[in-house]
Amino acid sequence: MLLSGLKVWTSRSLWIHRLHEGINGGGKARYSSCSPKVCIVGGGPAGFYTAQHLIKARPDVTVDIYERLPVPFGLVRFGVAPDHPEVKNVINTFTQTARHERCSFYGNVNVGKDLSVTELQEAYHAVVLSYGAEGNRRMGVPGEDLSGVYSAKDFVGWYNGLPSCRELGPDLSCETAVILGQGNVALDVARVLLSPIDLLKKTDITQPALEVLEESRVRRVLIVGRRGPTQIAGTVKEVREMVNLPNTRPDMLASDFEGVKEALKDLPSPGNEHERLEKASRVWGLRFYRSPVEILADPERSSRTAGIRLAVNKLEGSGEGARAVLTGEMEDVSCGLIISSIGYKSLSIDPSVPFDSHRAIVPNNMGRIQEAPGLYCSGWLKTGPTGVIATTLNNSFDTARSVLEDMDSGTLNTSAAKPGSQSINALLEKRGVKPVTFSEWEKIDSEEVRRGAAIGKPREKLLTVEEMLQVAGK
């Protein structure tokens, strides 16, 4: 272990030494005479972390970031829960990167539609795809297209102001909601459904979502997972936030915790909180060892959901490797709202880029896209939707290192000058596409903060692309 750690440290130190001191003698780094130009597709955490590492590591690299929406930051803006402002502080780091003299941001550019990846490859020495996972994993059960059934991605996008989810209009007139999946996103959704409205009013949740939640009749939320308490995907922090949520009480099934002493110690115990729990008007519960089999239609309104049929599972094996196996037992749960939080998935945006549709990733080796020299990937497109923002940081830095190693070794030919954004902007102008620069995004940012301040919120997000472009001066 010590030896392998020493090898990693030595190779990394050597790499940094070569980078800073140069390997061509006289303390001069052996860089090509022309400036390497790198294009990044996707302005979320993976894109910005990749850009940050490239810019810091080599003083001659220029980076252009292209983003489909007029606004940057991806899931930090549209995925992080509104009551987790501390997680959004990473935007400060991304802003520093975007303002760097060797970095440019171009929003409102849809690669795959406004531009092809091949056109980007012609203009840049390297193209890094970092556009994330904007698709939904389907449950694959009868009834999942009934009204009252939503993906967590769309539901989160709705309350966080993602333009494509603005018209979602979830019906919260039922008493019981079922969330399928027990990761952090599932727990975020449960918390938003049950949070006192006065708490949400102090966040950057959108005003239309706030108004719908204020009228919500949801009083009970069940968070369902196919395996057991020791395999729950959510973090202890998120579970603790549910436990401490005002005016709510937990409702667990003792049978779900049989033989799981370790898990029991983290369960809330009434103790001194007996009075608070007695007064609670809302209930949440984790339900383990259950998988969806069918979404049940309302007999009186056949297009609408009235419940869900769950298969009861048992585990084979233990720990993270434990598998859920059907027991043959079924149970029905009455509910008018079902939110599927079983994962996001990446989509192919250009037929010229290799794509593994089964795993929903671009096949790659340390971020180098297979059989596509000069093409790289980072973030969820590289690994699948996994981990937290720190995971994305490491993943993106690794890809940036692969790009830099390929420049250094000559695998990536940077000897010939490339036009970069100059030719791309000419193409966009010809096609009637108006890119939004970072300084124009800052106009949108200022307007959102101004609107939020007027109603006691950190910001009030603009909800349509048209309004964003108008405020940006496009």
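The values are calculated or read from the model by the stated rules, or taken from the named source; none is laboratory data. Here the structure is a predicted model, which means the values were calculated and not measured. Every residue, glycine among them, receives a Cβ derived from its backbone with ideal geometry; neighbour counts consider all protein chains shown. Protein only, heavy atoms only, side chains kept; ligands, DNA and RNA dropped before computing areas. Shrake-Rupley method; radii C 1.70, N 1.55, O 1.52, S 1.80 Å.
Here SER423 meets the list (1) assigned to a helix (DSSP H, G or I); (2) free of Cβ contacts under 8 Å to residues at least 60 places away in the same chain; (3) closer than 23 Å to GLN121 by Cβ; (4) hydroxyl-bearing (Ser, Thr, Tyr) almost entirely, failing just condition (2). When TYR124, TYR159, TYR106 are checked against the criterion of being touching a Phe, Trp or Tyr at 6+ places or on another chain (Cβ under 6 Å) and not hydrophobic (A, V, I, L, M, F, W, C), a single residue qualifies: TYR106.
Taking the stretch 426-462 as the range and being assigned to a loop (DSSP other than H, G, I, E, B), open to solvent by less than 50 Å² (accessible area, probe 1.4 Å) and over 16 Å from PHE73 (Cβ atoms) as the test, the residues that pass are VAL433, PRO435, LYS457, GLU460. Of all residues in the stretch 297-312, those satisfying the criterion of being open to solvent by 50 Å² or more (accessible area, probe 1.4 Å) and modelled with pLDDT under 95 are PRO299, GLU300, ARG301, SER302, SER303.
Picking from GLU144, GLU167, which residue would you name as being part of a loop (DSSP other than H, G, I, E, B) and over 21 Å from the mean Cα position of the chain (by Cα)? Within the list GLU144, GLU167, the selection yields GLU144.
All of ALA416, ALA472, ALA453 fail the test of being in contact with a strand residue (DSSP E or B) (Cβ under 8 Å, 6 or more places away or on another chain) and either of a type in the set (A, V, I, L, M, F, W, C) or under 29 Å from ASP83 (Cβ atoms) (or both), apart from ALA472.
Restricting attention to the stretch 280-315, the residues that are small (Gly, Ala, Ser), without any contact (Cβ under 8 Å) to a residue 24 or more places away in the chain and part of a loop (DSSP other than H, G, I, E, B) add up to 1. Hey, among the residues in the stretch 348-382 that are polar (S, T, N, Q) and open to solvent by 70 Å² or more (accessible area, probe 1.4 Å), which one's nearest to the chain's Cα centre (by Cα)? This residue is SER357.
Are any of the residues in the stretch 177-187 part of a helix (DSSP H, G or I) and open to solvent by 10 Å² or more (accessible area, probe 1.4 Å)? Taking every residue of the stretch 177-187 in turn, at least one turns out to be part of a helix (DSSP H, G or I) and open to solvent by 10 Å² or more (accessible area, probe 1.4 Å). Residues of the stretch 384-407 being open to solvent by 20 Å² or more (accessible area, probe 1.4 Å) and in contact with a Cys (Cβ under 9 Å, 6 or more places away or on another chain), which ones? Of everything in the stretch 384-407, nothing turns out to be open to solvent by 20 Å² or more (accessible area, probe 1.4 Å) and in contact with a Cys (Cβ under 9 Å, 6 or more places away or on another chain). For the stretch 256-289, what are the residues that are more than 27 Å from the chain's Cα centre (by Cα) and modelled with pLDDT of 90 or more? Once the filter is applied, which keeps residues that are more than 27 Å from the chain's Cα centre (by Cα) and modelled with pLDDT of 90 or more, the stretch 256-289 yields ARG282, VAL283. Give the residues of the stretch 433-469 that are of a type in the set (A, V, I, L, M) and farther than 21 Å from ASN110 by Cβ, sorted by residue number. Matches in the stretch 433-469: VAL449, ALA453, ALA454, ILE455.
Residues in the stretch 378-387: is at least one touching a Pro at 6+ places or on another chain (Cβ under 8 Å), within 26 Å of LYS237 (Cβ to Cβ), in a helix (DSSP H, G or I) and of a type in the set (Ser, Thr, Tyr)?
No: the stretch 378-387 contains no residue that is touching a Pro at 6+ places or on another chain (Cβ under 8 Å), within 26 Å of LYS237 (Cβ to Cβ), in a helix (DSSP H, G or I) and of a type in the set (Ser, Thr, Tyr).
Is there a residue in the stretch 120-128 that is small (Gly, Ala, Ser), surrounded by 23 or more Cβ atoms within 10 Å (Cβ to Cβ) and under 15 Å from the mean Cα position of the chain (by Cα)? Within the stretch 120-128, none of the residues are small (Gly, Ala, Ser), surrounded by 23 or more Cβ atoms within 10 Å (Cβ to Cβ) and under 15 Å from the mean Cα position of the chain (by Cα).
So which of GLN182, GLN207 ends up being polar (S, T, N, Q) and closer than 27 Å to ILE308 by Cα? One residue alone meets the criteria, GLN182. If you check SER173, SER255 for being open to solvent by 50 Å² or more (accessible area, probe 1.4 Å) and assigned to a helix (DSSP H, G or I), only one passes: SER255.
The set of residues in the stretch 55-88 being under 24 Å from ASP154 (Cβ atoms), open to solvent by less than 10 Å² (accessible area, probe 1.4 Å) and hydrophobic (A, V, I, L, M, F, W, C) consists of VAL71, PHE73, VAL76, ALA81. If only residues of the stretch 202-246 that are outside any helix (DSSP H, G or I) and hydroxyl-bearing (Ser, Thr, Tyr) are counted, the one that is most open to solvent (accessible area, probe 1.4 Å) is THR235. Among the residues of the stretch 313-347, those identified as open to solvent by 20 Å² or more (accessible area, probe 1.4 Å) and among the β-branched types (Val, Ile, Thr) are VAL325, THR327, VAL333, ILE342. Figure legend. Inter-residue proximity from the stretch 216-240: first residues at pLDDT 95 or above, second residues in a helix (DSSP H, G or I) and among the small types (Gly, Ala, Ser), beta-carbon distance below 8 Å, spacing 6+ or different chains. Indicated pairs: VAL221/ALA190; ILE223/ALA186; ILE223/ALA190.
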